[in-house]
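The values are calculated or read from the model by the stated rules, or taken from the named source; none is laboratory data. Note that the structure is predicted; figures quoted are calculated from it, not measured. So basically every Cβ, Gly included, is an ideal-geometry build from the backbone, and we count neighbours across all protein chains shown. Side chains included, ligands, DNA and RNA excluded: accessible areas come from the protein's heavy atoms. Shrake-Rupley method; radii C 1.70, N 1.55, O 1.52, S 1.80 Å.
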Amino acid sequence: MSAKIFPDFLIKSISDSVFESCNNLIEITLPKNLKVIKDSAFSGCVSLESIELPQTLEEIGEEAFVRSNLTEIVIPKSVKKMGANVFQFADEL
């Protein structure tokens with residue numbers, strides 16, 4: 001399953017645990033104006049292979065991608081803060 005989170009709208013934050021354990025999520029398109037991915041937002045998304053972080057992103061919360069299946073990720077230069085264990089148990093990275 002892919003998801004598109006209204007990339008043309010002014011969503012600035014992905015809430016804590018909002019997609020946690022969404023086991024069928026394989027890829028996701030984030031909003032272009034996103035500034036924050038909060039704690040555990042994609043934690044336990046064991047099928048998540050692909051996500052493109054927008055160039056506006058400033059913060060990635062703790063354990064945001066724990067136990068994901070990401071194989072590659074590019075952290076934009078705009079990111080100023082990353083929480084602890086962001087990619088813990090993301091063994092494909």
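Report the label-to-label distance for residue 24 and residue 85 in nanometres (one decimal), using points 7 Å from each Cα along the Cα→Cβ vector. Rounded to a tenth, the inter-label distance reads 2.8 nm. At a probe radius of 1.4 angstrom, the accessible area of the chain per residue rounds to 58 square angstrom. Applying the Kirkwood pairwise sum to the alpha-carbon positions of the chain produces a hydrodynamic radius of 12.7 angstrom. Using only side-chain charges placed at the Cβ, +1 for Lys and Arg and -1 for Asp and Glu, the dipole size of the chain relative to its Cα centre rounds to 400 debye.
Looking at the chain, which longest stretch skips every one of the GluC sites (Glu not before Pro) that is in a DSSP loop with at most 11 other Cβ atoms within 10 Å, leaving the sites themselves out? Show your work: numbers first, answer last.
Numbers: sites that count: 72, 92.
With a cap of 11 other Cβ atoms within 10 Å, the longest stretch comes to 1-71.
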